[in-house]
Amino acid sequence: MASEAVRYSTVSGVATLTMSQVATRNALTPELMAGIVSGLDRATADPGARVVVLTHDGPVFCAGADLRQGRASATVLPEVLAALQDCPRPVVARIAGACLGGGLGLATACDLSIASEEIRLGFSEVRLGVAPAIVSVVCLPKLRRGDALEAMLTGERMTAARAAEVGLITRAVPAGELDAAVAAVVVALRAGAPEALAATKRMIYASAGAAGGRDAAFAEMARLSERLFAGEEAAEGRDAFREKRPPAWAGPAGPGGRD
């Protein structure tokens, strides 16, 4: 059930959504995505909830699409990313573990995101025979084209400091300072008036072009994602991932490269 995939709690005006599907590395299962949307709806309906924090159990923030149900992710993920941006409460991602593919899109869709310096983030989709189609709608507005090309075409994992440098996340801090950094941001956000904060979110996303054309972009990217997930390369990518081997299209790792 969604409530088991994402725990909801409130303390002192902070609604915390904790992704708790540790066995699947918090992959974007239908249950986890439904849990996030449900939690955001609950926080929106609670006048005492002033800020939302999205965090996780286990060593992985989010491993991205559930490869067993890739097409399901393509259908539901746009709703999740839109819900994060449309929530009238500021949403802060607390990232203490790896953040890959759709998981990086999840972090980027949050208003503010703070990560431990020790973690790695990246768009792994091309190495699995698909494309970061849906998450591109929320990620590309934050990236220079050159940074987008490097991150999305190579599939290489980047440091949290690099992710902050290119704008995918807000800040990278030492692991021991993560909770204090998140708490400081929450305090700053709670100093703002609730209606003013909601209006400011709408203003920023509208001025960035994320509101007007976002839904059409999500629909187009969902169609692309479904087509790629149904293709031969995606099938090979899933088989290779499951069998822990390089996919057929992968050449040998060059100097400094990785298998």
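The values are calculated or read from the model by the stated rules, or taken from the named source; none is laboratory data. Predicted, not measured: the structure shown is a model, and the values here were computed from it. Using ideal geometry, Cβ is built from the backbone for each residue, glycine included, and neighbour counts are taken over all protein chains shown.
Out of (1) touching a helix residue (DSSP H, G or I) at 6+ places or on another chain (Cβ under 7 Å); (2) part of a loop (DSSP other than H, G, I, E, B), the odd one out for Gly48 is which?
Gly48 satisfies all of (1) touching a helix residue (DSSP H, G or I) at 6+ places or on another chain (Cβ under 7 Å); (2) part of a loop (DSSP other than H, G, I, E, B) except (1).
Hey, could you check the range 28-56 for residues that are of a type in the set (Gly, Ala, Ser) and more than 16 Å from Val186 (Cα to Cα) and say which is surrounded by the fewest Cβ atoms within 10 Å (Cβ to Cβ)?
Per the stated criteria, the residue is Ala45.
Tell me which of these Arg245 doesn't satisfy, since it passes every other one: (1) more than 27 Å from Ala82 (Cβ to Cβ); (2) of a type in the set (Lys, Arg); (3) surrounded by 14 or more Cβ atoms within 10 Å (Cβ to Cβ).
Condition (3) is where Arg245 drops out.
Checking Arg25 against (1) buried (at least 22 other Cβ atoms within 10 Å of the Cβ); (2) within 26 Å of Ala234 (Cβ to Cβ); (3) out of contact with any Pro (no Cβ under 7 Å at 6 or more places or on another chain): exactly one of these is not met. Which one?
The one condition Arg25 does not meet is (1).
Do any strands (runs of 3 or more DSSP E) entirely within the range 107-216 hold 3 or more residues that are of a type in the set (A, V, I, L, M, F, W, C), in contact with a helix residue (DSSP H, G or I) (Cβ under 7 Å, 6 or more places away or on another chain) and under 20 Å from Asn26 (Cβ atoms), and if so, which?
Answer list for the range 107-216: 112-116.
I need the full set of residues from the range 131-170 which are crowded, with 23+ Cβ neighbours inside 10 Å and of a type in the set (Ser, Thr, Tyr), in order please.
None - no residue of the range 131-170 is crowded, with 23+ Cβ neighbours inside 10 Å and of a type in the set (Ser, Thr, Tyr), so the list stays empty.
For the subset of the range 1-22 comprising residues that are hydrophobic (A, V, I, L, M, F, W, C) and modelled with pLDDT of 95 or more, which member is surrounded by the fewest Cβ atoms within 10 Å (Cβ to Cβ)?
Selected residue: Val11.
Is at least one residue of the range 60-71 on the phi < 0 side of the Ramachandran plot, assigned to a helix (DSSP H, G or I) and of a type in the set (Gly, Ala, Ser)?
Yes, because at least one residue in the range 60-71 is on the phi < 0 side of the Ramachandran plot, assigned to a helix (DSSP H, G or I) and of a type in the set (Gly, Ala, Ser).
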